[in-house]
Amino acid sequence: MLKKYLKINTEVKKALDQGKPVVALESTIISHGMPYPQNVETALKVEKIVRDNGAVPATIAILNGQLVVGLTEEEIDYLGKSDNIVKTSRRDIPFIIAKKLDGATTVASTMIIAALAGIKVFATGGIGGVHRGATQTFDISADLQELAHTNVAVVCAGAKSILDIGLTLEYLETQGVPVIGYGTDELPAFYTRKSGFGVDYRVDSPSELALAIKAKWDLGLNGGLVIANPIPKEYEMDYDTITKAINDAVKEAELKGIQGKETTPFLLAKVKEITQGSSLDSNIQLVYNNAKVASMLACELSKLK
């Protein structure tokens, strides 16, 4: 039945069949996260980093209603240029398929499609979470529910700093999702290495991390893991500067009545504008760093039987 919906790139399929390491990559960062041509250049560089670190990249999207695992360079370029790509989360997938539309996958939908293909490791920028003011709006990302149920390890630079990080961590704890600091005791906050919040466990090597992940899934403890990998020091933003920019962006979003899945793209674009582009530079570097760690983790997982 899955063959009707799922198209896996030949290289990715071969790697999966042979038990070789594969890293899933999202496509929202291409269609909704950055301007062209930076979006395409970044996506292709991320794939190169995955290859350079011993794994096979599998960028995921929905094209003409088909779930595609492992985009070609031409397909990535198309996603970066087109204005008709639907930002696609869990609830959207059936309708994007039925209408034969093109969709860029979020963290949640990338996890779903990666799991259908048998990919266990996913590299992204930052996870979604509980939005500020959620006690009134109930605006909580579908990423968190997906992490609670889908067996994919997500390597990220923590939760996006535009969120309510404290409530995001509380939600993850309730759902039994481990938040792991890769080489850190403090949860990174996307643009910065500090957030003021701790992690559940610190792990300092991909091999130790792989053993813990295997134990979790071997025991039937279903659900994903957040592997919080701090942005490299040389690329992190000044904490006070980025905090003020985010607060100003959140206020403007509230005034304009921006809600739901439009919130994150608006806030990221506004923060980029306020910081005169420096936040985008940091965003790109943290994605590169996450791709490297995810590749090393995928390699270690592939050794464990």
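Points worth noting:
- Gly196 meets all of the listed conditions (1) buried (at least 21 other Cβ atoms within 10 Å of the Cβ); (2) in a loop (DSSP other than H, G, I, E, B); (3) without any contact (Cβ under 8 Å) to a residue 60 or more places away in the chain but one, namely (1).
- Members of the stretch 151-176 that are under 15 Å from the mean Cα position of the chain (by Cα) and surrounded by fewer than 20 Cβ atoms within 10 Å (Cβ to Cβ): Asn151
- Selected residue (criterion: farthest from the chain's Cα centre (by Cα)) from residues of the stretch 132-144 that are within 28 Å of Leu221 (Cβ to Cβ) and crowded, with 16+ Cβ neighbours inside 10 Å: Ala134
- Unique residue being within 17 Å of Gly129 (Cβ to Cβ), of a type in the set (A, V, I, L, M, F, W, C) and in contact with a Leu (Cβ under 8 Å, 6 or more places away or on another chain) when the list is Ala249, Ala291: Ala249
- Scanning the stretch 1-29 for residues that are assigned to a helix (DSSP H, G or I), surrounded by fewer than 19 Cβ atoms within 10 Å (Cβ to Cβ) and hydroxyl-bearing (Ser, Thr, Tyr) gives a single hit, Thr10.
Laboratory data are not the source of any read-out in this text; all were calculated from the coordinates shown. Not measured: the values here are computed from a predicted model. Virtual Cβ from ideal backbone geometry, glycine too; neighbours counted across all protein chains shown.
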